[in-house]
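The values are calculated or read from the model by the stated rules, or taken from the named source; none is laboratory data. Values in this document were obtained by computation on a predicted structure and should not be read as measured data. Please note: Cβ atoms are built from the backbone with ideal geometry, for glycine as well, and neighbour counts cover all protein chains shown. These area figures cover heavy atoms from the full protein model, side chains too; ligands, DNA and RNA do not enter into them. Shrake-Rupley method; radii C 1.70, N 1.55, O 1.52, S 1.80 Å.
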Amino acid sequence: QLDQLRQFYQGRLVPALESGGIAGQIGVFCAAPASLAWRAVEDVLFAALSGATYADTVRTLFQRLGYVAFYEARLADKNILIKASAIDKLGRMQCPSSALKLLPMLDHRDPEILSVTVRALSRLGSKEGMTAIIGRLPVLLGRSLVTRKAMETALLNFGEAVLPALLEYRAELADPWIMSCVLETLSHLPPDMRSARLAATGHTNPEIGSQL
């Protein structure tokens, strides 16, 4: 039944997006939260969001149809799996307004919550999220609460905007392991920014030097 519902809503959504008349048909996609129809519409919207053509419109639909509010409310759930799923969904919906709701999750004690929050904030791409993540690097990486690979991927999702933030915090990142992660992240930025990467050095640790 879920597959049939997906096909139904897919058949309605694509023409509405292509014609630009989605605003007048939004009632077609309204469904009771957590129902099969709700899940089907959500899946169809995520599929549409994967393409850049209608991304802005789909993000607006996630808000107008209640998905953003629904999952933001679930951030308060005590069940770790429900909370983690809500964080992931909010990141995938790419609605910038969710960033402030997600920031408190960076102070959670559960590594799974921390990891999914870092990933979600990197998808949203907000300056507040980026600054909060970098400011917590000594805790998140130093205590192995988030894996190095996951952190590098998240930081790179912010694009070139992450460079000044990383350089600004470099004085606080005296730990060689954390500095190594920072420099590895910087090394994946465009070649014309590599000279700026050198400003983050000043470290004599051979592990760091090998990445320059």
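Observations on the structure shown:
- Reachable lysines from Lys101, criterion Cα separation under 18 angstrom, eight or more residues apart if same chain: Lys78, Lys83, Lys89, Lys127
- Projecting the alpha carbon convex hull of the stretch 85-149 along each direction and taking the average yields 3.8 nm².
- Positive-end residue, the stretch 46-117 charge dipole about Cα centroid, Cβ charges, pick of Ala73, Ser85, Val116: Ala73
- Equivalent ellipsoid semi-axes - Cα gyration tensor, the stretch 42-165, angstrom: 24, 18, 11
- Solvent-accessible area, 1.4 Å probe, carbon plus sulfur percent, for the chain: 53 percent
- Size of electric dipole in the chain: Cβ of Lys, Arg +1 and of Asp, Glu -1, about Cα centre, debye, nearest 20: 360 debye
- Computed from the C-beta positions of Val14 and Lys78, the FRET efficiency with R₀ = 41 Å rounds to 0.60.
- In order through the stretch 42-52: 3J(HN,Hα) via Karplus (6.51 cos²θ - 1.76 cosθ + 1.60), integer Hz, x for Gly, Pro: 4, 4, 5, 5, 5, 5, 5, 6, 5, x, 7
- Accessible area per residue for the stretch 30-154, computed on protein heavy atoms with a 1.4 Å probe, is 46 Å².
- Convex hull volume of the stretch 1-53 per residue (C-alpha atoms, cubic angstrom): 70 Å³
- Residues Cys30, Cys181, sorted by accessible area with the largest first, give Cys30, Cys181 [1.4 Å probe; ligands and nucleic acids excluded].
- For the pair Thr60 and Thr153 in one chain, pulling the backbone fully straight at 0.36 nm per residue adds 30.8 nm over the alpha carbon distance.
- Table column - 3J(HN,Hα) (Hz), the stretch 104-118, Karplus curve with 6.51, -1.76, 1.60, x for Gly and Pro: x, 5, 6, 9, 6, 8, 7, x, 5, 5, 5, 5, 5, 5, 4
- Taking all pairs of distinct alpha-carbon atoms in the chain, Kirkwood radius in angstrom: 18.8 Å
- Leu100 sits among other residues whose Cβ lies under 13 Å from its own Cβ, and their net charge, with Lys and Arg +1 and Asp and Glu -1, is 0.
- The charge dipole of the stretch 1-92, taken about the Cα centre with unit charges on the Cβ atoms of Lys, Arg (+1) and Asp, Glu (-1), comes to about 200 debye, rounded to the nearest 20.
- Taking each residue as 0.36 nm, the span from Ser144 to Asp43 lengthens on full extension beyond its C-alpha to C-alpha distance by 33.1 nm.
- Under a Gaussian network description of the chain, with springs only between Cα atoms under 10 Å, the residue in Gly66, Gly27, Gly135 that fluctuates furthest is Gly27.
- Among Pro190, Pro111, Pro176, residue whose mean-square fluctuation peaks in a GNM of the chain (springs only between Cα atoms under 10 Å): Pro190
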